[in-house]
Protein chains: 2
Amino acid sequence: MSKIRIFLVDDHQLVRDGIKALLISSDDLIILGEASSGKECFEKIAIEPPDVLILDISLPDTNGIEITKRVSVDYPQTRVLILSMYTNEDFIFNSVKAGARGYLPKNTSREELLSAIHAIYNGDEFFSDSISRIMLKSYVRKAKEDDLLPQRGPIPLTTREIEILKLFAEGYINKEISDQLDISIRTVETHKNHIMKKLELKSTVELIKYAIRNKIVEL
Amino acid sequence: MSKIRIFLVDDHQLVRDGIKALLISSDDLIILGEASSGKECFEKIAIEPPDVLILDISLPDTNGIEITKRVSVDYPQTRVLILSMYTNEDFIFNSVKAGARGYLPKNTSREELLSAIHAIYNGDEFFSDSISRIMLKSYVRKAKEDDLLPQRGPIPLTTREIEILKLFAEGYINKEISDQLDISIRTVETHKNHIMKKLELKSTVELIKYAIRNKIVEL
DNA sequence: GTGGGTTATAAGTGAAATACGTAAGTTATA
DNA sequence: TATAACTTACGTATTTCACTTATAACCCAC
């Protein structure tokens, strides 16, 4: 069985040495190399891309998220594990968005670090309990926002009006709407006028935006 | 110390009995009552709202999510714990969105159920490991989509064209745009035609949606 | 430095679409 | 049953669309 090849990026010598010390005794891992800056990191991994890249967020010349983005594109076989003292949701979200497969706080244990390395090496994601909690909080927050933003009050339109608005906001012109609903084009226009009046909208552009905001149509 | 008052909603007698059997021996809890439908549930909790409402998703006359919504508004002091055999992300998301404080699969253990009850009674959220994993997967997926959706490729428009599109998508009609930019209305029309041709858009509605998707204007 | 591509400007023209005020017939519902 | 709300419709004025043509400015390459 081949060993998991690790590359370490952290701007503190002591931290790198600490991580190495934690990993050295695991005989299914091998430390391929290390770097203290983004520049050094890219120079070295170009020679031999590792299986797992352990990244700090804050670095002298760049940050772990930028490195993650580039690595995800240029070395898709390399999986990124973020190891950071920063645990705020923005960093986590942006790391994941950039393509990180795992995120650990710096006060993690040796066992957790090893679990994380193995998990992401096997194609899974790994987030420590504390990071998971932060992500779940964010999930809950976003789920609730999902309800608050889109509609400030019920839609005060009739069934027919919503029907017209939906078709219009889907891109049909009045003639097509009148054909589909088998009514006069004038009626379609009137309905649209009523909608605009009711909602106090001044242009068809606002009408379309209203339809999107209120999920009458997809964007 | 007062006991945590529980109310059970599930359309299967056997399930309700099972849950009661699991909880009966905990002397810091008391089963206030139970219901097998939404209607019955609302009738009974109106008399004495519980601290924790344990809800099934599927019910004969409604569903747990609708009940959650109403309870969250009408009885804010009552916390909802969803206990469902359905573990797909949509149900979880919508439950949380509706105001549920916890979500457990039906194959949960007595210990986990008790932990969940105590957690949400204390104002925390509680999701079982399996549910948490589903939520985290979704978090990761959404984080990645966050980058993919907004732009599939760079905007192939000139500065002037973007300027025209921006004003149009803000709701100005051609005449107003021509006045603001101090150009002929024919020029505005020509620009708009060019934009439509370039982007292969068939209606002004699509034009507006394009502008929103590509963040040329706010929704 | 001349030709070619891109951009920004403008116009003609007929057809198509829309805006807006008005109004009649139909349901709900109080 | 009276009133409000909803759906339907038209006339006229305005606006936009679709397609074509045209000119000046600019940049870039050969």
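Reducing segment B:164-213 and segment A:53-78 to their Cα centroids gives an inter-centroid distance of 40 Å. Distances from B:SER115 to the same position in the other copies: list them in nm, one decimal, shortest first, using label points 7 Å from Cα along Cα→Cβ. Copy-to-copy label distances for B:SER115: 1.2 nm. As a proxy for reagent exposure, ranking A:ASP90, B:ASP10 by other Cβ atoms within 10 Å from fewest up yields A:ASP90, B:ASP10. Taking 7 Å steps out from each Cα toward its Cβ at B:SER203 and A:GLU145 produces label points 3.1 nm apart. What is the calculated FRET efficiency for A:TYR86 to A:THR190, with r their C-beta to C-beta distance and R₀ = 60 Å, to the nearest 0.05? Taking R0 as 60 Å, the efficiency between A:TYR86 and A:THR190 is 0.55.
Would you compute, from DSSP H runs of 4+ residues alone, the mean residue ellipticity of chain B at 222 nm, taking -39500 (n - 2.57) per run and dividing by the full residue count, rounded to the nearest 500? Working shown, then result.
Working: 10 runs with 118 residues, N = 219.
My calculation for chain B gives -16500 deg cm²/dmol from helical runs alone.
As a calculated quantity, the FRET efficiency between A:LYS20 and B:LYS3 at R0 = 45 Å, using C-beta atoms, amounts to about 0.25.
Give the percent of DSSP beta bridges with both residues in segment A:1-119 that are antiparallel, rounded to the nearest 5.
5
Counting only other chain Cβ atoms within 10 Å of each residue's Cβ, the peptide A:134-144 averages 6.
Sparsely packed loop sites in segment A:137-219 (the GluC sites (Glu not before Pro) outside DSSP H, G, I, E and B with at most 13 other Cβ atoms within 10 Å) comprise A:GLU200, A:GLU218.
Extension gain for B:THR62-B:GLU48 works out to 2.9 nm (0.36 nm per residue, less the C-alpha to C-alpha distance).
Here, the protein assembly as shown has an Rg and a Dmax of 27.9, 82 Å when only alpha carbons are counted.
Net charge dipole, chain B: roughly 860 debye, given to the nearest 20, about the Cα centre with Cβ charges of +1 for Lys and Arg and -1 for Asp and Glu. Cβ-Cβ distance of A:GLU112 and B:ASN122, R₀ of 30 Å, FRET efficiency by 1/(1 + (r/R0)^6): the value works out to about 0.70.
Summary for A:SER25: label point 7 Å along Cα→Cβ; distances to the equivalent points in the other copies, ascending, 4.1 nm.
Within chain B, DSSP assigns beta bridges of which about 5% are antiparallel (rounded to the nearest 5). Using a 7 Å projection from Cα along Cα-to-Cβ, the label point at A:GLU43 is separated from the same position in the remaining copies by 7.9 nm, smallest value first.
Each of A:LEU8, B:LEU199 was scored by other Cβ atoms within 10 Å of its Cβ. Arranged with the fewest first, they read B:LEU199, A:LEU8.
Where a number appears in this text, it was derived from the coordinates with a stated rule and is not lab data. Everything quoted here is computed from the prediction, not taken from an experiment. Glycine also receives a Cβ, built like all others from the backbone with ideal geometry; neighbour counts cover every protein chain displayed.
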